[in-house]
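Each remark here refers to the structure printed beneath this line.
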């Protein structure tokens, strides 16, 4: 049995973290023993779920400088790790520099290179040849992995796109009833919802401006923001300035985000930058039509005019028009919902894990 160490910066709620947890759950336990190590002790929301699944977790305490790299090397030796699979660039840099030579390193690229901090970008780039295999969460992310011309002579590891979907057990286990009542939304009110951390690149401010247009056509519509983050005070100020207090609901961080998504008539994702959004695929698996922006991997998930609409980023008018069209045309809404459910089936976490473990097997020979 091969010991696999999954490495990530933190285990807070986020897309990369969800992919890691879901992948670990579906791993072949007869062939691989999985464990997880992470850096940031205050980002530990997924630790209980991993432990419930019988997966050991270790905090390397990266809050105390670079000492975590030495602790990582000790863990590798003590636990006889046979493969490292890293899910964030900062941790990957340390692993590539200090992991024993000959120990295979697999890396999942969750974001485009242009989105990295300059220091992270160069550290990631200069150590990249140490990867033995790379998975990119979308074609858009894969295409961003390009060496500068002056470094084009360096080895580029094998890299492939690999879509990761939601964990079907998460979808099946959550009851969908009662959420509207909790949120104070009338049964007849159309609901436009989004599930995303409240961060600048998620584009919530554009959705709020779109809400002012939607209000003119559909006054009883409600917008639900599920998530938390540094943009929340600014967004709340914007809601007050636009007079949207009765129309917009900040649901905050929710363990049952999927349950709330079950109340949506439209799932909207107004991102200005994006890798691949697991929350979007979860909503589509529930049969929710989508309105998303043409950034990152989103157009790879939503085919414009089939499962929803794809609109330009930072364009509140286009967002509003697409949302209004879906809400006012029941035939479109039903057709998009059915197609969304079918489309989500193509994003299988089980298939992704099988491919990942096939690479593990190749690297172990």
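Principal-axis analysis of the Cα atoms of the chain puts helix 89-98 at an angle of about 0° to the longest axis. Ranked by the mean number of other Cβ atoms within 10 Å of their residues, highest first, the peptides 322-328, 272-278, 333-339 fall in the order 272-278, 322-328, 333-339.
Taking Cα atoms only, the orientation of helix 232-242 departs from the longest principal axis of the chain by about 20 degrees.
Helix-only mean residue ellipticity at 222 nm, the chain, DSSP H runs n ≥ 4 weighted -39,500 (n - 2.57), per residue, nearest 500. What is it?
Values: 16 runs with 152 residues, N = 365.
It comes out at -12000 deg cm²/dmol, rounded to the nearest 500.
Most tightly packed first, judged by the mean number of other beta-carbon atoms within 10 Å of their residues, the peptides 348-360, 290-302, 8-20 read 290-302, 8-20, 348-360.
The stretch between residue 153 and residue 234, if pulled fully straight at 0.36 nm per residue, gains 24.6 nm over its current Cα-Cα span.
So, R0 is 22 Å and r is the distance between the beta-carbons of residue 345 and residue 52; what FRET efficiency does that work out to, to 0.05?
On the way: r = 27 Å, r/R0 = 1.21.
It comes out at approximately 0.25.
When 204, 117, 110 are arranged by Cβ crowding within 10 Å, least crowded first, meaning fewest neighbours, the order is 117, 110, 204. When Cα extents along the principal axes in Å is calculated for this entry, the matching label among [x] 63, 46, 38; [y] 83, 47, 45; [z] 87, 71, 47 is [x]. Taking other C-beta atoms within 10 angstrom as a stand-in for reagent exposure, 122, 42, 68 fall in the order 42, 122, 68, fewest first.
In degrees between 0 and 90, to the nearest 10, how far off the longest principal axis of the chain does helix 330-344 point, with axes built from Cα atoms? The two axes meet at around 10 degrees.
Here the range 170-344 was treated as a single set of alpha-carbon atoms; its pair distances binned every 10 Å from 0 give 11, 43, 40, 7 percent. Applying Stokes-Einstein at 10 °C and 1.306 mPa s to the Kirkwood radius of the range 172-247, computed over alpha-carbon pairs, gives a translational diffusion coefficient of 118 µm² s⁻¹. Multiplying the residue separation of residue 63 and residue 139 by 0.36 nm and removing their Cα-Cα distance gives an extension gain of 24.1 nm.
When the chain is treated as a Gaussian network with alpha carbon springs shorter than 10 Å, the biggest mean-square fluctuation among 97, 208, 125 belongs to 97. When both the range 1-17 and the range 24-44 are represented by their alpha-carbon centers, they are found 5 Å apart.
Read-outs: derived from the displayed coordinates by stated rules, not from any lab. Keep in mind it's a predicted model, so treat the numbers as computed, not measured. Note that we place each Cβ from the backbone using ideal geometry, even for glycine, and neighbour counts take in every protein chain shown.
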